[in-house]
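These notes concern the structure reproduced below.
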Amino acid sequence: MAALDFTEIASAQSGPDRDRFELFAREFFDSEGFRIIEQPDRGADGGRDLIVEEDRSGPGGVNVVRWLVSCKHKAHSGASVSPGDEINIRDRLYTHRCQGFVSFYSTLPSSGLGQTLRALQPDFEYLQLDSEVVERKLLDSPRGRVLAARYMPKSFNRWIQASRAAAITSPSADPQLSTNKFFLRAPHDDLQSARAEAAERNTMVFIVIYDPDHPTHSKLDYSLGYFMEYQTTKRLVDQHFVAVVGPSNDPELSALVPKDDPLENCLWVVLTSTGEILIREGVYANADEGLKRVRQAIDL
C-alpha cells in the first residue's frame, strides 16, 4: 500500500494551485542533483514541463545528459497516462535538443504508452518516475523527506507514525558509518535541509557535531551510542525532532560550536526551526541522562 497520497497535491486541471505538481517535480529533481535548465511555466511550452541536466562522471571526463521531463498528475482520477497524453515524443526531444525523456507521473503509463516510451531506446534514454518510484526516493533520503512533508503533509505524518518503530533500511553516506543505528531513520547531514524539514513538521532540530579530524570523531560512537541507547529515547527524538549529525568543518555547524570547545567530546545542540539555540552541551555518554535530557528539551 502506498505511504504517500499524491492527491494532496492539487489537481493540474484547474484552480490557483494547478501548477503545484510541476513545482513539486522541479524541487524533486533539484534534490536529486539535477540542474534545472528550463523552469515550469504556463501557456505553450513546446511539449516540455521541465528541462534538466545530469552530469555523469567517468574515466573520460564528465558527460552531460539533457532530459526532457513530462509531468502528468492523474492521481485524483486514478487514470493511467495514455498515448494521447504524450504525443510526438521524438519530435519534442529533437526540438529541445534532449538525449533523454523522463515520465514524471503520479500514476502509471498505460500499457500502450509504456511500449511507446520503451521504444525510445536505444536512440534516446528513458527514465520512468511513477508514484511508487518517487515515493521510495522521497522516503529513503533526508532531503526527500523535506519535500514529502511540504507537499504531502498528512500522509507523510501518517508514515512517520507508522514507521517510527523500525529503523530506515537505506543509511545515508556519513563518514563514521555508525550514525544511523542511533536513530530510527537516517539523519540529515546538513543544517539547511534539516531546518526545512523541521519547519514543515513544526518540530525542533536535534544536532550532533563532531570533529572529523579527531581520532574517534569526538567520541561520537561512544558518547552518542550511550546517549541514544534506549529505544524510548530514539522514539522521542524521532517524534519531536529532526536529527542532524555532521562535522565541525561544515560552516553552518561550525558556527554553533563555542570557540573554547575543542570537541574532545561531540556537541549536542537543540535549535528551533528558526535557528534559536535552546540547548548546547556535550553529549552525555549515559542512557539515563540521554533520556532525561531529551525529555527536558521537549518540555522547553
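Only the coordinates and a few stated rules stand behind these numbers; no lab work does. None of these values were measured; they are calculated from a predicted model. Ideal geometry is used to build each Cβ from the backbone, glycine not excepted, and the neighbour counts take in all protein chains shown.
Treat the count of other C-beta atoms within 10 Å as a stand-in for reagent exposure and order ILE209, ILE279 from fewest to most. Let's see the in-between values first.
On the way: ILE209 25, ILE279 16.
Starting with the residue having the fewest Cβ neighbours, the order is ILE279, ILE209.
What's the magnitude of the charge dipole for the range 191-299 around its Cα centre, counting Lys and Arg as +1 and Asp and Glu as -1 at the beta-carbon? Answer in Debye, nearest 20.
Working: 10 positive and 17 negative charges, 71 e Å.
Dipole size: approximately 340 debye.
Given H placed on each backbone N at 1.01 Å, which residues far from TYR126 in sequence or on other chains put an amide H within less than 5 Å of it?
PHE101
Given R₀ = 25 Å, FRET efficiency for GLU132-LEU23 by Cβ-Cβ distance, to 0.05?
On the way: r = 21 Å, r/R0 = 0.84.
About 0.75, to the nearest 0.05.
Determine the relative contact order of the range 6-165: mean sequence separation of Cα pairs under 8 Å and six or more apart, normalised by residue count, in whole percent. Numbers along the way, then the final one.
Details: 232 pairs, mean separation 30.6, N = 160.
Answer for the range 6-165 is 19 percent.
Using 0.36 nm times the number of residues separating GLN39 and MET1, minus their current alpha carbon distance, what extension gain do you get? Don't skip to the answer; put the middle values down first.
Numbers: separation 38, 0.36 × 38 = 13.68 nm, distance 3.24 nm.
The span from GLN39 to MET1 would gain 10.4 nm if fully extended.
Relative contact order for the range 191-299 using alpha-carbon pairs under 8 Å, separation at least 6, rounded to a whole percent?
On the way: 189 pairs, mean separation 42.2, N = 109.
Here the relative contact order equals 39 percent.
For a quick check: with amide H placed at 1.01 Å from N, whose amide H comes under 5 Å from SER141's, ignoring anything fewer than 5 positions away on the same chain?
none
Under the Karplus relation 6.51 cos²θ - 1.76 cosθ + 1.60, θ = phi - 60°, what is the ordered set of whole-Hz ³J(HN,Hα) values for the range 255-272, x standing for Gly and Pro?
5, 8, 8, x, 4, 8, 9, x, 6, 5, 10, 5, 9, 10, 10, 10, 10, 6
List the lysines whose Cα lies under 28 Å from the Cα of LYS292, skipping any in the same chain that are fewer than 8 positions away.
Answer for LYS292, where 28 Å is the Cα cut-off: LYS181, LYS219, LYS234, LYS259, listed by chain and number.
What does the charge dipole of the chain about its Cα centre add up to, to the nearest 20 debye, if the Cβ of each Lys and Arg holds +1 and the Cβ of each Asp and Glu holds -1? Walk me through the intermediate numbers first.
Working: 34 positive and 44 negative charges, 159 e Å.
So the magnitude is around 760 debye.
Suppose every K and R has +1 on its Cβ and every D and E has -1 on its Cβ; what is the size of the dipole of the range 6-165 about the Cα centre, in Debye to the nearest 20? Mind dumping the intermediate values first?
Working: 22 positive and 23 negative charges, 84 e Å.
So the dipole magnitude of the range 6-165 works out to roughly 400 debye.
Just want to confirm a number: the relative contact order over the chain, from Cα pairs under 8 angstrom separated by 6+ residues, in percent. Intermediate results must be reported in sequence, preceding the final value.
Numbers: 521 pairs, mean separation 39.5, N = 300.
Worked out over the chain, it gives 13 percent.
Please arrange ASP221, ASP17, ASP260 by how many other C-beta atoms lie within 10 Å of their C-beta, fewest to most. Intermediate results must be reported in sequence, preceding the final value.
On the way: ASP221 18, ASP17 12, ASP260 5.
Ordered from fewest to most neighbouring Cβ atoms within 10 Å, ASP221, ASP17, ASP260 come out as ASP260, ASP17, ASP221.
Could you check the spin-label model distance between ARG118 and GLN99? Points 7 Å from the Cα along Cα→Cβ, value in nm.
The modelled label-to-label distance comes out at 2.4 nm.
With a cut-off of at most 15 other beta carbons within 10 Å, and DSSP calling the residue loop, which chymotrypsin sites (Phe, Trp or Tyr not before Pro) in the range 229-285 qualify? Please list them. Intermediate results must be reported in sequence, preceding the final value.
Details: sites: TYR230, PHE241, TRP268, TYR284; in loops: TYR230, TYR284.
When the chymotrypsin sites (Phe, Trp or Tyr not before Pro) of the range 229-285 are filtered for loop state and at most 15 Cβ neighbours within 10 Å, TYR230 remain.
Enter the per residue convex hull volume of the chain, computed from alpha-carbon coordinates, in Å³ rounded to the nearest integer.
Numbers: hull volume 46.6 nm³, N = 300.
Per residue, the Cα convex hull of the chain comes to 155 Å³.
Could you list ILE37, ILE9 so that the one with the fewest beta carbons within 10 Å of its beta carbon is first and the one with the most is last?
Working: ILE37 13, ILE9 20.
Placing the least packed residue first, the sequence is ILE37, ILE9.
Could you list the residues of the range 250-276 with an amide nitrogen less than 13 Å from a label point located 7 Å from the Cα of GLN296 in the Cα-to-C-beta direction?
270
Nearest 500 deg cm²/dmol is fine: what mean residue ellipticity at 222 nm does the chain get from its DSSP H runs of n ≥ 4 alone, each adding -39,500 (n - 2.57), divided by its residue count?
-9000 deg cm²/dmol
Among the lysines, which have Cα under 20 Å from the Cα of LYS74 when same-chain residues fewer than 8 positions away are ignored?
Correct list for LYS74: LYS137, LYS154.
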